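Notes follow once the structure below has been shown.
Read-outs throughout are calculated quantities, based only on the coordinates presented, and are distinct from any laboratory measurement. Values in this document were obtained by computation on a predicted structure and should not be read as measured data. Here Cβ is always computed from backbone atoms with ideal geometry, including for glycine, and neighbour counts include all displayed protein chains.
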Amino acid sequence: MEKLTREQIIENEHNDFIQVYTRLPIVIDRGEGMRVWDKNGRVYLDFLGGIAVDVLGHSHPKIIEAITNQAKRYLHTSNYLYQDIQIEFAKKLKEISGFDQIFLSNSGAESIEGTIKLVRKWGFLNNKKEIVSFTGSFHGRTYGALSMMDKPIYKANFGPFLDGFKIINYNSISDLESTINENTSGVFLEFLQGEGGIVSANPEFIQKLFELKNKYNFLIIADEIQAGMGRTGKFFAFEHYGIEPDIATVSKGLGGGLPLGAILIRNYLSNVLQKSEHGSTFGGNPLACATGLASLVEIENHLMQNAQIQGEYFLEKLQEIAQSFPKLISDVRGKGLMIGLQLTFPAKDLVSRLLDYGIISNATNQNVLRIVPPLIITKQDIDEFSTALFKSLKTLE
Ligand SMILES: Cc1ncc(COP(=O)(O)O)c(C=O)c1O
């Protein structure tokens, strides 16, 4: 096939695809480590990391090795056959996460959907019918996930949604007290909200949630799809609170760059879903399990620690910069390598300025610049970002 130019690729994308994405004006050619190159040979530092997916950066040798080895054996069979690579991956995931059993899917939303089914079935067995979730949360684009979310931008004109959900204010203890009762089957939450603008749960709020759990007996589900996989300096964001949820959902970085998601449960939930009650054709794809395993080993060995160290350095740098631009930056927050800059203007304007300086970044929740780079990041990368940020903000002052 004839090679398309950069302009032709952009034009074709506009014609050939349903226009749901707002893409940056970069036509990627290749990536390596923290960097990607476009078709014109221009290099960019990647602080978006495939939206918190590329934990090992681009084209990591361990990922290439895992793909090559697995591809030589087989690419897909089905979950009707036993697969050694799934078992090896599961063992590692259980060891790092401390959970007892897993179900493998292909994505975040698919993990959320399976979990809603599990929670509803548990609720059916325990005569509890209501699921509680929070404002500002993001759980995916499918109907179950949307039923737990409040933002009109994701929901307008798509109703009706599923019954049996109550969405209450994040970090509101009084909402918890007035909503949760013996009819509550599960509470879904991100301990560090991503799409919602990098917002943490308050420790007192989490304490109250667990007090109510003791009183009413319901399941707590940590959506760790964005904040998990070592990004915050611990494997899960919930670990910063010293509590243990009943279920965690993970995806994004789980497959080391390939599509993979998981539902992680404690052993007392292992009999809730029975044979044929759930499944997925591609879930636990062997290639994704192989890259996921390679990625978990790196995360455990040094990347989780790197996320913590570089995250602290990054936050310090950003706080310094924020002091120079009090009219433009109103807050710097986050944990590890999941950082948000609360701006006083649309974050997309800063994203495009940063791009001029060769930095790929992302806007979320209108005025928040979201920074979720690969966990392999170095001090030098952060310094490069900081210089570009300073220059960009100068032009916007
Ligand atoms: C916390 C959280 N949950 C769920 C999802 C949905 O994941 P996916 O896009 O893989 O369906 C996302 C995606 O951004 C997320 O950040």
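Highest mobility in the GNM of the chain, judged by mean-square fluctuation with C-alpha springs under 10 Å and restricted to His60, His14, His278, is found for His14. Counting every pair of alpha carbons in the range 200-356, the share spaced more than 26 Å apart comes to 44 percent. Using only Cα coordinates, the Kirkwood hydrodynamic radius of the range 312-397 works out to 12.6 Å. Counting only helical runs of four or more DSSP H residues, what would the 222 nm mean residue ellipticity of the chain come to if each run contributes -39,500 (n - 2.57) and the total is spread over all its residues? Computed ellipticity for the chain at 222 nm equals -12000 deg cm²/dmol. Neighbours of Phe17 by Cβ distance under 13 Å: Lys/Arg scored +1, Asp/Glu scored -1, total -2. What is the percent of Cα-Cα separations in the range 119-171 that go past 16 Å? Beyond 16 Å sits 42 percent of the P(r) for the range 119-171.
Among the trypsin sites (Lys or Arg not before Pro) within the range 316-397, those in coil by DSSP and having at most 10 neighbouring Cβ atoms inside 10 Å are Lys327. Once the convex hull of all Cα atoms in the range 81-299 is built, its volume per residue stands at 120 Å³.
Divide the volume of the convex hull of the Cα atoms of the chain by its number of residues and quote the answer in cubic angstrom per residue.
Convex hull of Cα atoms, per residue: 155 Å³.
Between their Cα atoms, which of Lys94/Lys335; Lys121/Lys234; Lys166/Lys208; Lys3/Lys39 are more than 21 Å away from each other? Listed pairs above 21 Å: Lys94/Lys335; Lys121/Lys234. Rg and Dmax of the range 318-360, based on Cα coordinates, read 10.7, 27 Å. Of the peptides 156-168, 188-200, 92-104, 24-36, the order by per-residue mean of other Cβ atoms within 10 Å, starting with the highest, comes out as 188-200, 92-104, 24-36, 156-168.
Output the antiparallel fraction of DSSP beta bridges having both residues in the range 81-299, as a percent to the nearest 5. In the range 81-299, approximately 45 percent of DSSP beta bridges are antiparallel ones.
When each of the peptides 383-390, 71-78, 292-299 is scored by the mean number of other C-beta atoms lying within 10 Å of its residues, the order from highest to lowest reads 292-299, 383-390, 71-78. Relative contact order of the range 81-299: 28 percent, from C-alpha pairs under 8 Å at least 6 residues apart in sequence.
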